[in-house]
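This report refers to the structure that appears directly beneath it.
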Amino acid sequence: MRIAVGFKVTPDFEALRAADWARVAAAADAEGRAQATRYVRRVFGVFDEAALELALRLRDARADDGLPTGLAAFTVGGPDASPFLHTLQALGFDCLRVDPGGGPASAADTAEAAGALDFAPAATAALVAACARQLGADILLLGERGGPGGSGTVPFLAAEALGRPCVTCVTAIEPAGADRLRVSFRADDGPVRALTAPPCVLAVGNAVVSMLRVPTLKERLAVRDVPVTQFTAADLGVDVGVALDRAPAVRSLEPVDRSRAGIVVTGATAAEQARALYEGHLRARLEAL
Amino acid sequence: MSLSREAIVEGLRGILGPEAVVTDERVLVENSVDNFRKLQNIFDVHVMPVPAAIVTPTNAREVAAVLTWANEHGVNVIPKTGGTATEGGLESAVPDSVIMDGSAMNEIVKIDPYNMQATVQCGVPLQVLEDRVREHGLTTGHSPQSKPVAHLGGLVATRSIGQFSTLYGGIEDMVVGLEAVFPNGEICRIKNVPRRAAGPDIRHIVIGNEGALCFITEVTVKLFPYLPENNRFLGWTLMDMKTGFEVLREVMVGGYKPSVARVYDPGDAGLHFSHFAAPDDCVLLFMAEGAEGIAKATADGIQAIVDRHPECTQVPSEYIETWFNDLCWGPDKILAEDERIRQTRNVNRTTEISADWSSINDIYQAARQRIIDEIPDITMMGGHSSHSYINGTNMYFNYFFNVVDVGPEEETEKYYLPIISIIVEETLKRGGSIVHHHGMGKARAPWVRDEYGSSYYMLETLKTSFDPNGIMNKGTIFPI
Amino acid sequence: MTAAAPLRVVAVLDATGSAAERHGRALGAFLRDGLDAGDIAPGVVTHVFCPPGADPGAASATAPTLDVRLVRVPAHRQDVATAALAALQTGDGADLYVFPSGPSGTELGARLAARTGGSALTGVLSAAVGDGVLTCRRAAYAGYLEEESALSRRPWCLVLDAGWDEARAEPPEEHVVVEAAHLTPEDPGAPPLLEIKPLEAPPTGDLETARFLVVAGRGAGSRRGVERAAAAAARMGAAFAVTRPVVMNAWAAPDRQVGVSGTRAAPAVCVVAGASGAPAFVWGIERAGFIAAVDTDEHAPIAGEADVFVAGDALDVLEELADLVDRHSR
């Protein structure tokens, strides 16, 4: 069984301050948005990180049953992803990076093209599907959503392009014999467990396992000279331009003002504070429920 | 004959009343360790002696009453405030200890903008004080990573240092006076003056005593103008630490006082700066602050110095500013870190030392290489220098390892202590200090005689004089 | 002057599971309050998917429109449902599809757009038609920003923001139901999922529908603290939720979480205890009618994101509050 995990490297949104968000919102285009977030550190998309660790645990669990599993990881994006790819190589993934800019683009062009993909899930999905094909993946494993757009549609659109079924909001994956997997996921009406058989697309959601293990220095050294396979969109036969043109156009972004009155309720003790809160603000509201 | 656990609790209740004596078993167990053995709390496997009680006195007289009683009955007392200790200073070395928690003494006594000083009780969180003095356009100038959580009492007790120390100094340069209570119940106040030459400076008996001599109830610290609009940030990438140390030295010798002056080795830089530094790059960074002319002159002077080193490649200052804005660790980050350890069993530890300019690079290189060679399961071994002086600098070793084949409670013995041991050996060999700013705690206490040499007589005399019955934080600074 | 062609709008409701009631109300509320079709009076029909043996009346009961097209599809057969939708679109040429939030709606919306050359947008808060394009608002950057986007290629496939699930719109009393029997394939092929078993469902529904909600943050300090907060909430008759740091610290189960990576609640009254007010969390409660927050840190962002703020011990105040509410409700 060959599993390919697609992941995205994003700016750490939590490291951005209000002024940075104002800059992101004021940016005229994808390039400006990428520029406004370029100074913060990069992180794995949270669901992508969970998908990567679930893949490793699945490999380990299958190995306990004497079953071989091939692991590959790929990303669509610029050189930002290099340290992340190196970590994944050390953990045993074959790694592939797709440069969405196409051709021997400069880093800036790549960043711009990657930024344009942020709100174009169909274009991203076309590249993701092409990677899955390139890697011969029986299972395409993705994070349920992530990045600036966070549409949650990439797994479905990639599945559509591949002609495969897709299960999202996956919370656990276990081996079930040589060719099947038992997946737990959240359906509209609650958590479900079912058997699935490749080829399929699985998108990981709020899994209990959410953090990627860390390779040792020795494991890193062992893959120090192993190159990451690189492709352009054109190499994979994907015309990103067409998909980008079809994407919804982002007209504006605005910081969300979540401020409220913030009236301060005082009291010398917790009992007094609770009484002031209850009598002054909550009692009538609760009685009206 | 030592008191039973029940008798200890009874005695404390008699002094402070039942509300000020915490005996909830769960709370006590969690307080049997600090961050030195944090995996015991993260994985909930506790093997240390459990304290008998936690007491929360509300003034110096109550502190004195408890200490007098403990001194009479030989009960070990562990002073504590914010609880961010990393070196075992707060863990229970002996059964049935009493943790004296000063966090209920949390009043800001006075902010005096004219005389540029603020007086607070020991349990005031530094962040709270900083926020209050900022309302006056002032700052404490003290900004350890633990700022959101740590309290003033503990910061003074451990000789804390902040991220802006190169300009403002360590806490020892900030404390102008204080109040402390000794085991015999003596309440001592050192008045607040700009300087004195009336004999030895006895503030230093209290600052850094780590609760092994006395309990700090109140401190007065200096204040400085807060002028963030003048902050300037500078950053470079470079190929080796030796050059980095050399630039830091030239900046210090040149008489410049940047608030932040750091050089990161490739491993440590990879944690913070991989979005602009290549995997083998070191990162050199500075922040200049203060009055506009001073900040400008400082930044210009540093620029001129680094420009003489063509092997340094300048990076946009926004990278450094963004890093700077996300420096401190609040409770949310601590929780996320704990969860990461729980899931991945990958643990981050740090050990900080200091040495003169001639030795620092050798210590760094030797300790780093030995740790990589001798310790299993290392996932990152690096560090940075973050506090520089005219005669030398510190090295903050920062390292990660996977805990493999042992229980979480054995992490300290299998990995952490052996690594500390290597760093300490390499430092002592070259005449450095084995502790730059976290305190000795119980982690590095075994090397106290090596650290002090012939001056250990002076240190030991402080202990035997002020705490003759040895009831103050047994095992801290002075090994059992 | 030519009159603009009426906008053909389709709501899609998956009634193969138990989320149909919530989703039906969400669709109705969006059509009533979230969609500005301008001067064009939209004619709306609902496509309802229901299991083969289901009673047509019961299956359509929560559909938001009078007109219902009923398609028989087994549960978890998104492949069959997508094919049916695409076939209906070939016949109808609808302009706009509205799907409720959740995996089923997202999959159908995304796949339908892909198959028909249309455009899909998820997490939709509102939409307005004008000049031949559909302008929509949605959250972006994990809730830090709000985005306005324009869709041109039809059909427009909108998947609603989960917040619409809490909106209240009663379905029509009666429905005109037409069975689209020809769309149910005789042999639907091998199912993608086998041995489907519901797992023990944690009672998450109460967070989404709660009128009175208590949320505990990292300020609760420990598992024990979270238990105290939960007990206080129970005494007040409030639903109980937590923030991400609490879940991350394993002090409460993930299904209790509100925020970007959890549930989005819309209670009339929300009491927040010991949360600092990170945007990703506040997003989860910002639809609350009234927010009262308690935290020791008066400088925490939550102080300005709440209607009233108490600077104090979150657990102590919460327990005192529970005493008061408990006493008055007797």
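The values are calculated or read from the model by the stated rules, or taken from the named source; none is laboratory data. Because the structure is a prediction, the values reported are computed rather than measured. Cβ placement follows ideal geometry from the backbone for every residue including glycine, while neighbour counts extend to all protein chains displayed.
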Looking at (1) aliphatic (A, V, I, L, M); (2) within 14 Å of chain A (Cβ to nearest Cβ); (3) in contact with a Leu (Cβ under 8 Å, 6 or more places away or on another chain); (4) surrounded by 21 or more Cβ atoms within 10 Å (Cβ to Cβ), which is the one condition that is false for C:Ala113? (3)
Tally of residues being within 19 Å of C:Arg8 (Cβ to Cβ), hydrophobic (A, V, I, L, M, F, W, C) and assigned to a helix (DSSP H, G or I) across segment C:103-151: 3
Of (1) surrounded by fewer than 20 Cβ atoms within 10 Å (Cβ to Cβ); (2) of a type in the set (A, V, I, L, M); (3) touching a Ser or Thr at 6+ places or on another chain (Cβ under 7 Å); (4) more than 10 Å from chain C (Cβ to nearest Cβ), A:Val228 satisfies every one except (3)
Within segment C:252-267, of all residues that are farther than 16 Å from C:Trp283 by Cβ and among the aliphatic types (A, V, I, L, M), the one surrounded by the fewest Cβ atoms within 10 Å (Cβ to Cβ) is C:Ala253
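Mind listing whichever residues of segment B:165-187 are more than 17 Å from B:Asn71 (Cα to Cα) and in contact with a strand residue (DSSP E or B) (Cβ under 7 Å, 6 or more places away or on another chain)?
To start, the set of residues in segment B:165-187 that are more than 17 Å from B:Asn71 (Cα to Cα) comprises B:165-179.
Passing the criteria: B:Thr166, B:Tyr168, B:Met174, B:Val175, B:Val176, B:Gly177, B:Leu178, B:Glu179.
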Give segment C:268-304 a look and list any residue that's at the interface with another protein chain (Cβ under 9 Å from one of its Cβ atoms), at pLDDT below 90 and either touching a Lys or Arg at 6+ places or on another chain (Cβ under 9 Å) or part of a helix (DSSP H, G or I) (or both), or say none. C:Ser276, C:Gly277, C:Ala278, C:Pro279, C:Ala280, C:Val282, C:Trp283, C:Glu286, C:Pro301
Filter pass, C:Phe240 being more than 9 Å from every other protein chain (Cβ to nearest Cβ) and surrounded by fewer than 24 Cβ atoms within 10 Å (Cβ to Cβ): yes
Within segment C:296-306, how many residues turn out to be touching a Gly at 6+ places or on another chain (Cβ under 6 Å) and closer than 14 Å to C:Arg218 by Cβ? 3
What is the residue count in segment A:147-166 for residues that are more than 7 Å from chain C (Cβ to nearest Cβ) and in contact (Cβ under 8 Å) with a residue 12 or more places away in the chain? 8
Name the one entry in A:Arg164, A:Arg182, A:Arg213, A:Arg224 that is part of a loop (DSSP other than H, G, I, E, B) and in contact with a Lys or Arg (Cβ under 9 Å, 6 or more places away or on another chain). A:Arg213
Within segment B:217-260, the residues that are without any contact (Cβ under 8 Å) to a residue 60 or more places away in the chain and assigned to a helix (DSSP H, G or I) are B:Glu229, B:Glu250
Wholly within segment A:16-89, helices (runs of 4 or more DSSP H) carrying at least 2 residues that are at pLDDT below 90 and more than 22 Å from B:Thr379 (Cα to Cα): A:18-26, A:30-36
Restricting the search to segment B:398-446, which residues are within 14 Å of the chain's Cα centre (by Cα) and of a type outside the set (A, V, I, L, M)? B:His436, B:His437, B:His438, B:Gly439, B:Gly441, B:Lys442, B:Arg444
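Residues C:Ala167, C:Ala120: which one is in contact with a strand residue (DSSP E or B) (Cβ under 9 Å, 6 or more places away or on another chain) and in the same structural domain as C:Ala86 (by TED's automatic domain parsing)?
Of C:Ala167, C:Ala120, the one residue that is in contact with a strand residue (DSSP E or B) (Cβ under 9 Å, 6 or more places away or on another chain) and in the same structural domain as C:Ala86 (by TED's automatic domain parsing) is C:Ala120.
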Subset of segment C:200-237 that is within 12 Å of chain A (Cβ to nearest Cβ) and more than 20 Å from A:Asp188 (Cα to Cα) - its residue that is surrounded by the fewest Cβ atoms within 10 Å (Cβ to Cβ): C:Gly237
Between a first residue in segment B:100-126 that is within 15 Å of B:Thr140 (Cα to Cα) and a second residue that is crowded, with 24+ Cβ neighbours inside 10 Å and at pLDDT below 95, which pairs have beta carbons less than 7 Å apart while being 6 or more apart in sequence or on different chains? B:Pro125/B:Gly82; B:Leu126/B:Lys147
Being within 24 Å of the chain's Cα centre (by Cα) and part of a helix (DSSP H, G or I) is the filter here; which residues of segment B:5-53 pass it? B:Val27, B:Leu28, B:Val29, B:Glu30, B:Asn35, B:Phe36, B:Arg37, B:Lys38, B:Leu39, B:Gln40, B:Asn41, B:Ile42
How many of the residues making up segment A:238-274 are at the interface with chain C (Cβ under 8 Å from one of its Cβ atoms), surrounded by 18 or more Cβ atoms within 10 Å (Cβ to Cβ) and part of a helix (DSSP H, G or I)? 3
Return the pair list, or none, for Cβ contacts closer than 8 Å from residues in segment A:223-248 that are under 22 Å from C:Thr116 (Cα atoms) to residues that are basic (Lys, Arg), at least 6 apart or on different chains. A:Arg246/C:Arg153
Do any helices (runs of 4 or more DSSP H) entirely within segment B:411-480 hold 3 or more residues that are of a type in the set (Ser, Thr, Tyr) and free of Cβ contacts under 8 Å to residues at least 40 places away in the same chain, and if so, which? B:456-466
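So that you can scan it fast, the table gives a plain yes or no per residue for (1) within 21 Å of C:Arg264 (Cβ to Cβ); (2) acidic (Asp, Glu); (3) modelled with pLDDT under 95:
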site	(1), (2), (3)
C:Met1	no, no, yes
C:Ala4	no, no, yes
C:Val10	no, no, no
C:Ala19	yes, no, yes
C:Gly43	no, no, yes
C:Pro56	no, no, yes
C:Val68	no, no, no
Taking the conditions exactly as written (more than 19 Å from C:Pro191 (Cα to Cα), within 10 Å of another protein chain (Cβ to nearest Cβ) and either touching a residue at least 60 places away in the same chain (Cβ under 8 Å) or not hydrophobic (A, V, I, L, M, F, W, C) (or both)), does A:Thr124 satisfy them or not? no
Residue hits (segment C:164-199; more than 13 Å from chain A (Cβ to nearest Cβ), surrounded by 12 or more Cβ atoms within 10 Å (Cβ to Cβ) and not β-branched (Val, Ile, Thr)) are C:Trp164, C:Glu166, C:Ala167, C:Ala169, C:Pro171, C:Pro172, C:His175, C:Glu179, C:Ala180, C:Leu183, C:Pro185
All-but-one check, A:Ile173 against (1) within 23 Å of C:Thr82 (Cβ to Cβ); (2) aliphatic (A, V, I, L, M); (3) modelled with pLDDT of 95 or more; (4) crowded, with 22+ Cβ neighbours inside 10 Å, failing number (1)
Qualifying residue in segment A:143-159 (condition: part of a strand (DSSP E or B) and either within 25 Å of A:Phe231 (Cβ to Cβ) or over 19 Å from the mean Cα position of the chain (by Cα) (or both)): yes
Of the residues in segment C:118-141, those that are facing chain A (nearest Cβ under 8 Å) and either modelled with pLDDT of 95 or more or surrounded by 23 or more Cβ atoms within 10 Å (Cβ to Cβ) (or both) come to C:Ser119, C:Ala120, C:Leu121, C:Thr122, C:Gly123, C:Thr135, C:Cys136, C:Ala140, C:Tyr141
